[in-house]
1. If Gly175 satisfies all but one of (1) closer than 30 Å to Cys216 by Cβ; (2) out of contact with any His (no Cβ under 8 Å at 6 or more places or on another chain), what's the number of the condition it fails?
2. Can you list residue pairs whose Cβ atoms sit under 9 Å apart, with the first residue in the range 99-125 being of a type in the set (Asp, Glu) and the second being in a helix (DSSP H, G or I) and surrounded by 14 or more Cβ atoms within 10 Å (Cβ to Cβ)? Count only pairs 6 or more apart in sequence or on different chains.
3. Which condition breaks for Leu223 when tested against (1) loosely packed, with under 14 Cβ neighbours inside 10 Å; (2) touching a helix residue (DSSP H, G or I) at 6+ places or on another chain (Cβ under 7 Å); (3) not basic (Lys, Arg)?
4. Considering each of Ala106, Ala94 in turn, give the residue that is small (Gly, Ala, Ser), over 30 Å from Asp173 (Cα atoms) and modelled with pLDDT of 95 or more.
5. Counting only residues that are small (Gly, Ala, Ser) and in contact with an Asp or Glu (Cβ under 7 Å, 6 or more places away or on another chain), how many does the range 70-88 have?
6. Before we move on, is Gln238 over 30 Å from Ser96 (Cα atoms) and of a type outside the set (Val, Ile, Thr)?
7. Which ones in the range 179-201 are buried (at least 16 other Cβ atoms within 10 Å of the Cβ) and among the aliphatic types (A, V, I, L, M)?
8. Among the residues of the range 226-242, write down those that are within 18 Å of the chain's Cα centre (by Cα) and buried (at least 18 other Cβ atoms within 10 Å of the Cβ).
Amino acid sequence: MALIDPRQLIPFLEDFEDDLKRPQYALQEAAEDTRRSQAAVSEECTHVLARLHGTVADARHAVKDAVAAGNDARQVLADASAALNEAQAAVSSARSALSAAQSAVAQWQARLSDARRWLASAQGQRAEAETALNRARSAAADAEREVNRASQQLAQCQANVTRDQQGNVRQPDCGWAMAALNNARGTLAEATRRVGEARSALDHAIQQCHLAEARCAECEDRLARAQDAVSEAHRAIQTAERAEAASRRAEDLSRSCVAEAEAARTAAERALSTAEGGMAAAQDGVRAAEEAATHSTTAQRAADDAGEHARRARNAIGDRIDALRDFDRGARF
């Protein structure tokens, strides 16, 4: 069996040293790539987690704001409903006031008509009393003149004294003149009484005219007030109806606001749930990145250990190569 020259092992050992270097470099490069990838993933997860923290905070604020908006909208709805009820009550009250005012107008119109008829009657009675008084005064004046004439006739009769043949004074018979005077005085007394009655009737008629005029003035004033109340009630109805329409619009708008606030709250809760889910996923990613970092560190250590073994092997092979080269140089000389 032929012996192998040890010098022939030098190229083989050199190639084997190179072969030992390549796996070491490959392991180191793979470990470095793993480390960079892990760092990039960890950084991205950290950034995502930070953004999700902000998103979760924003979503929680949005939920809180939506709940507050819903509460405010429901309070506004309650206020609008209360205002609508008040406006409807005001419309009903104003219509009742209008009905009462219209009844009052009809009532005072009837009373005014009665008062005017009373005034017309009193004025007619006054005119009649004035005519009766004038007639009574005229009759009294005639009676007074008749009394004066009868008095003169009686005086003339009584002054016509005569004497008889014996010289005795003979008084005239003036019974007729006295009777005429008494009749005239009776007529004057009756006429005077009728003047008094006519004056009393006139005073009563004048008083009735004053009372009727006062009644007419009162009825006209009350009627004017009732008509003003009708106008005011019409204005109150219009105002209350406008308030009712405004309150109804406010109630409808408030219901829409409540619905929108509920929709906003639902959307915000959905966004919060999504953000919290994303945050959990990001936290899982961070944990996975941390686990990858652990594995990367283990791989790096393994690569370092493999490199150390390869380095020792290379050193050992290098020593052998150096020994063979020394052997080769010694053999030549």
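1. Gly175 satisfies every listed condition except (1).
2. Asp114/Arg215; Asp114/Cys219
3. (1)
4. Ala106
5. Count: 4.
6. Here the answer is no, as Gln238 does not meet what is asked.
7. Those that are buried (at least 16 other Cβ atoms within 10 Å of the Cβ) and among the aliphatic types (A, V, I, L, M): Ala180, Leu181, Ala184, Leu188, Ala191, Val195, Ala198, Ala201.
8. Ala236, Ile237, Ala240
The values are calculated or read from the model by the stated rules, or taken from the named source; none is laboratory data. As the structure is a computational prediction, the values presented were derived from the model and not from experiment. Cβ: placed from backbone, ideal geometry, glycine included. Neighbour counts: every protein chain shown.
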